[in-house]
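The values are calculated or read from the model by the stated rules, or taken from the named source; none is laboratory data. Just so we're clear, the structure is a prediction, and the values are computed from it rather than from any experiment. Every residue, glycine among them, receives a Cβ derived from its backbone with ideal geometry; neighbour counts consider all protein chains shown. Ligands, DNA and RNA are stripped out before the accessible areas are found, and what is left, the full protein with its side chains, is counted by its heavy atoms. Shrake-Rupley method; radii C 1.70, N 1.55, O 1.52, S 1.80 Å.
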Amino acid sequence: MTETARWLTPEEQRAWRGFVRLHERLGGRLGRLLQSESKVSPADYAVLVHLTDSPEGRQRHQDLARALEWEKSRMSHHIARMAGRGMVVREECPEDGRGAFVVITDAGREAIEAAAPRHVEAVRELFLDHVTPAELRVLTEISERVIRRMDEDPS
């Protein structure tokens, strides 16, 4: 490797480490809350959110994995566990024998409907109540810009 690393400045390092800590701590707290109060893991919740946001509560297996940034094997194993608990079913894709859909079940809908109100309340308590509307707009702009850039180069 002949390139020189572009080390972070102290200001960049402080911002990056703060962002990482915030993400880890929020994720940890929200995950523990979901698990203890709703018996839904953070991974279950992420899958269920994507499915409820999709028409007919279904999404192609590979598209769901891509949206969650999960490897194919992780997606397969997790969907198998969720199917075992009756939260989702896997349906073959009639147009493509290699593809499959992940479909939310009534039990999956009940699980997310039970978990979502407390999750949203916790998001407000832990995060939204501590930022101003202007800060929230800036965070939204930054997040959307970085995500757009990542979508342009999905490697």
- prompt: Just one of (i) 11, 36, 26, 16, 9, 2; (ii) 11, 40, 37, 10, 1; (iii) 9, 29, 34, 20, 8, 1 is P(r) over Cα pairs in 10 Å bins from 0, in percent as worked out from the coordinates here. Which one is it?
  reply: (iii)
Accessible solvent surface per residue of region 15-65, calculated while the other protein chains remain in place, 1.4 angstrom probe, Å²: 60 Å²
field: Degrees separating the helix 72-84 axis from the principal Cα axis of the chain, which is the longest one
entry: 50 degrees
field: Helix 42-52 axis, angle to the chain major axis (alpha carbon atoms, nearest 10°)
entry: 70 degrees
message: How high is the relative contact order of the chain? Use alpha-carbon pairs under 8 Å, at least six apart in sequence, and give a whole percent.
response: 20 percent
task: Sort 119-130, 3-14, 137-148 for me by packing, meaning the mean count of neighbouring Cβ atoms within 10 Å per residue, highest on top.
output: 119-130, 137-148, 3-14
message: Let me spell out the model: positive unit charges on the Cβ of Lys and Arg, negative unit charges on the Cβ of Asp and Glu, origin at the Cα centre of the chain. What dipole size does that give, in debye rounded to 20?
response: 540 debye
task: Calculate what fraction, in whole %, of the accessible area of the chain sits on carbon and sulfur atoms when a 1.4 Å probe is rolled over the protein chains.
output: 54 percent
- prompt: Taking the Cα-to-Cβ direction at Ala5 and at Glu110 and moving 7 Å from each Cα, how far apart do the two end points lie in nm?
  reply: 5.2 nm
- request: Among Pro133, His119, Ser54, flag the residue with its Cα farthest along the positive direction of the charge dipole of the chain, charges on Cβ as +1 for Lys/Arg and -1 for Asp/Glu.
  value: His119
